[in-house]
Amino acid sequence: MGTGTACAADTGADTRFANYAFASELGSGIYEISGRTIQVYQLLPSYHVRHSTPRGTRPGIKLIFPVTVGFFNFQPGDLLHLRVPNSIGALSLEPGVEFDWWLNDAWDVYPYGKAGGTFASSAQLNAVIFGVGVRSDYRFDALGSAGLYRADLAHAGVHYEGDLPNDSFTRQRNAAELRRNLPWVFRGRQLQLAPYAITDVYFDAPSGPASGISANTVQFEAGVMLNVVPEYQIRGLSLPRVGVGYRVAGVLSGWRLVIGEPF
């Protein structure tokens, strides 16, 4: 997950909009940095080849097909006036495989690998992208809330088709959220509040803001998510949660309107 568009104050390549070669590593949401806006939407279709069995005796296997689309300077209010983007800032397709080791009823570990491509409005920004890593999800109860603690070690890289230098990063993430159902009920649905916090440590952060990721070694984000229980559905699909957060990341610090999952 990153924090918005490139907006360095100096002149040169970094002042252009981010090409988002690492878009598949960013969380879905609307990012606003120094008056510039990008919307990032990530779809995560998948197919279970095999489900995991208890105590790690047999890992589950899941094929993943992440699709990420980014629109630059497109405001949500544009939809109310039937104005839609006339171009896509970045599109990435990065299929892969994810394993699921079910260690106990509260703890799962997910190694994964994926590779694909990102396609931008300029052909010189098209690139081959890849990512490998391992994620640990631990579920717990605290303060009358359902909690999730996630630790994630990921490495991602990009190899451009043009003359741009290749880039990569390694990130260690620790994140947590607490989902609490509030006593307020409206039309049979209960409001759910979920504060969250994220700490990211980049061992070799991307080289500049044009990557869409701040070069700061340590970055923080905190916010809150809203949802209703049971969730609203359209044609059998649940509507995503929404929330707002703020990320402290040097030149790319800013607000994020979260759509779906915060991390």
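Please treat every number below as a calculation from the coordinates, not as lab data. Not measured: the values here are computed from a predicted model. Note that we place each Cβ from the backbone using ideal geometry, even for glycine, and neighbour counts take in every protein chain shown.
Other residues whose C-beta falls under 12 angstrom from the C-beta of Glu177 contribute a net charge of +2, scoring Lys and Arg +1 and Asp and Glu -1. Can you compute the FRET efficiency between Asp163 and Phe203 using 1/(1 + (r/R0)^6), with r the Cβ-Cβ distance and R0 = 41 Å? Round to the nearest 0.05. Between Asp163 and Phe203 the formula returns 0.95. For Arg135, the shell of other residues with beta-carbons less than 11 Å away shows a net charge of -3, using +1 for Lys and Arg and -1 for Asp and Glu.
Placing a pseudo-label 7 Å from each Cα along the Cα-to-Cβ vector at Phe99 and Arg189 gives an inter-label distance of 4.0 nm. Here r is the Cβ-Cβ distance between Val132 and Val224 and R0 is 35 Å; the resulting FRET efficiency, rounded to 0.05, is 0.65. Using the Cβ-Cβ distance between Arg180 and Phe140 with R0 set to 22 Å, the FRET efficiency from 1/(1 + (r/R0)^6) comes to roughly 0.95.
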